[in-house]
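Here the structure comes first, spelled out in structure tokens, and everything after it is commentary.
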Amino acid sequence: MPDFRREQQHGGLVAGVDEVGRGPLAGPVVAAAVVFARGVPDDLAAVIDDSKKLKPALREAIAERLPHVPGVAIGVGAASTAEIDRINIYHASHLAMQRAVARLPVRPDHVLVDGNKIPDFGCSAEAIVGGDGVSLSIAAASIMAKVVRDRIMARLNVRWPDYGWEKNAGYGTAVHRRALLQTGVTPHHRKTFGTVRQQLEHLKTETRA
């Protein structure tokens with residue numbers, strides 16, 4: 001389980017940052033930054049974990065509570081599918097993380113980032129592989145990013161129901177891939193990603209034929 005030792009060791013305002021949505025075939029990549037300026041309440045610390053390990057209902061409950069924790073600061077940023085296609089998913093993920101930190105209502109002294117690469121945040125930063133299982137701030141950020149992105153994909157699903165985005169969040173499940181073949185590519189698909197790009201090339205071939 002993650003704890004608060006990394007934040008306490010550094011001192012000052014420490015932001016945990018994580019992103020969600022590198023792998024899906026559709027939708028934005030979303031990042032969140034979380035600062036616990038007064039620490040984490042014990043009962044909340046007991047349930048915060050890597051978002052992938054939590055059931056959706058618990059993620060939602062934590063995300064609803066986080067903004068009301070005394071001393072907490074939250075920033076959320078995203079990079080669109082157009083940006084992903086233009087600058088690639090790696091750089092788009094960093095852009096989303098930079099936007100999340102920039103949207104914090106406070107300026108952090110230090111940033112803890114999940115992963116092994118550090119974007120330029122304009123302050124000191126540290127990359128932690130598996131950070132969402134180590135740092136409570138990063139784990140909280142992973143929960144916020146996941147909940148926000150899932151909500152975005154559920155809203156998009158209302159307009160584009162064939163792809164099952166309310167359940168698969170844009171990942172390449174069998175339902176999603178079948179809809180790509182039967183319904184085609186939407187404006188929210190990442191056109192530089194292999195499965196989507198192949199479908200576009202197939203459609204171009206059919207058109208020429």
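The values are calculated or read from the model by the stated rules, or taken from the named source; none is laboratory data. All values derive from a computational prediction rather than experimental measurement. Counting neighbours? That spans all protein chains shown, and the Cβs are built from the backbone with ideal geometry, glycine included. Areas reflect the complete protein model, heavy atoms only, side chains present, ligands, DNA and RNA absent. Shrake-Rupley method; radii C 1.70, N 1.55, O 1.52, S 1.80 Å.
Before moving on, here are some points about what is shown:
- All of (1) more than 14 Å from the chain's Cα centre (by Cα); (2) farther than 23 Å from Val72 by Cα hold for Cys123 with one exception: (2).
- One residue alone among Ala33, Ala61 is modelled with pLDDT of 95 or more, out of contact with any Pro (no Cβ under 6 Å at 6 or more places or on another chain), part of a strand (DSSP E or B) and not β-branched (Val, Ile, Thr), and that residue is Ala33.
- For the stretch 172-195, the set of residues classified as of a type in the set (Ser, Thr, Tyr) and either under 14 Å from Arg159 (Cβ atoms) or in contact with a strand residue (DSSP E or B) (Cβ under 6 Å, 6 or more places away or on another chain) (or both) consists of Thr183, Thr186, listed by residue number.
- Of the residues screened, Ile84 is one that is at pLDDT 95 or above and open to solvent by less than 10 Å² (accessible area, probe 1.4 Å).
- Some residue of the stretch 158-174 being open to solvent by 10 Å² or more (accessible area, probe 1.4 Å), of a type in the set (D, E, K, R) and over 30 Å from Ile48 (Cα atoms): yes
- Unique match (being part of a helix (DSSP H, G or I), in contact with a helix residue (DSSP H, G or I) (Cβ under 7 Å, 6 or more places away or on another chain) and open to solvent by 80 Å² or more (accessible area, probe 1.4 Å)) among Arg177, Arg155: Arg177
- In the stretch 11-26, the count of residues that are open to solvent by 10 Å² or more (accessible area, probe 1.4 Å), outside any loop (DSSP other than H, G, I, E, B) and more than 20 Å from Asn168 (Cβ to Cβ) is zero.
- Checking Arg86, Arg99 one by one, the residue that is within 16 Å of the chain's Cα centre (by Cα) and basic (Lys, Arg) is Arg99 and no other.
- Scanning the stretch 106-129 for residues that are part of a loop (DSSP other than H, G, I, E, B), out of contact with any helix residue (DSSP H, G or I) (no Cβ under 6 Å at 6 or more places or on another chain) and either under 17 Å from Tyr90 (Cα atoms) or of a type in the set (S, T, N, Q) (or both) turns up Gly115, Asn116, Lys117, Ile118, Asp120, Val129.
- Val101 open to solvent by less than 40 Å² (accessible area, probe 1.4 Å) and touching a Phe, Trp or Tyr at 6+ places or on another chain (Cβ under 8 Å): yes
- Selected residue (criterion: nearest to Gly184 (Cα to Cα)) from residues of the stretch 27-54 that are surrounded by fewer than 17 Cβ atoms within 10 Å (Cβ to Cβ) and either under 14 Å from the mean Cα position of the chain (by Cα) or among the basic types (Lys, Arg) (or both): Lys52
- For the stretch 64-87, a residue qualifies if it is in contact with a Lys or Arg (Cβ under 8 Å, 6 or more places away or on another chain), part of a helix (DSSP H, G or I) and of a type outside the set (D, E, K, R), and the qualifying residues are Thr81, Ile84.
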